[in-house]
Amino acid sequence: MFRGTFTAVVTPFRNDAVDFAALEKLIEAQIAAGITGIVAVGTTAESPTLTHDEKHQIIERVVKLAKGRCQVIAGAGTNSTRDSIEAAKFAEKAGADGALLVAPYYNKPSQEGLFRHFKAIADASKLPIMLYNIPGRCSVDIAPDTVVRLADECRNIVSIKEASGSVERVAELRRRLPNEFTILSGDDGLTLPFMSVGAAGVVSVASNLFPTELCALVRACESGDFKSAETLQRKMGPIFKDLFIEPNPVPVKTALAWRGAMSFEVRLLEAFEKSK
């Protein structure tokens, strides 16, 4: 269902409001470069600082703009099961191709709690679901046993964005999961090693800036041309590193601003609190 190169797009702001003109130009550039899909209102898009209305407007705008030219995955993960269910239902209604569900942050649920959280969301929506495992940010790891259990019991949980940093984890998941269940790298710098053991692509931050290069890297891996993929990986490696010298998405938005694609703005958490 989900394989290839997906861009976790940033949310452009201007004077603390969503800059939809800049967002549309960014999406068009991604599609022109041959990107497989767009992840809208994911964590790279500063989703915790967006209001519900802003999230809805962004998802609707991206789906309308894509016009079926690429897949659209809507970020629907929160640390509230109820809120995540409502977000997944909205994404389905808006015409998204899937929903991305990050592990509940801060709450630190048990593996049973994670299973029940994701299952409740999957049961409430018909959308294909991509799990998102990033223990470094969420302080909780979606264990392989839990992923396998979810894949067995929830037919619309079809993919995982894996950002644990472990090649061994990807190899284990690939060995234990059905062939149609896809694993995507959640870290640009690990795309090549992850795909060498069975991942099917990447959800990328760097492709906001370099979609053509990321698409080429993934295509090379898909075709088994790991020599070309290695050349691309070496070329892009310093960029992958530099995009995380400060918390994401500050570096990538700064680089996009240098290009004149949008303003430098990131939103403080306080901005959301003041808007309520």
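The values are calculated or read from the model by the stated rules, or taken from the named source; none is laboratory data. It should be emphasised that the depicted structure is a prediction, and the values quoted were computed from it without experimental measurement. A quick note on method: Cβ atoms are made from the backbone with ideal geometry, for glycine too, and the neighbour counts reach across all protein chains shown. Remember, those area values only see protein heavy atoms, side chains included, never the ligands or the DNA or RNA. Shrake-Rupley method; radii C 1.70, N 1.55, O 1.52, S 1.80 Å.
Once the C-beta distance of PHE20 and ARG176 is scaled by a Förster radius of 51 Å, the resulting FRET efficiency is 0.75 to the nearest 0.05.
What percent antiparallel are the DSSP beta bridges of the chain, to the nearest 5? Among the beta bridges of the chain, antiparallel pairing accounts for roughly 5 percent.
Per residue, the accessible area of the range 13-57 comes to 40 Å² when a 1.4 Å probe rolls over the protein heavy atoms. How big is the antiparallel share of DSSP beta bridges in the range 1-129, given as a percent to the nearest 5? Bridges in the range 1-129 that DSSP calls antiparallel: roughly 15 percent. A convex hull fitted to the Cα coordinates of the range 1-143 yields 107 cubic angstrom per residue. Comparing Cα centroids, the range 47-65 and the range 106-184 end up 24 angstrom apart. Answer with a single label: of (i) 0.94; (ii) 0.97; (iii) 1.03, which was calculated as Rg/Rh (Cα atoms, Kirkwood Rh) from the structure in view? The listed entry that was calculated here is (i). If you take all other residues with their beta carbon under 9 Å from the beta carbon of ASN133, and give Lys and Arg +1 and Asp and Glu -1, the sum is 0.
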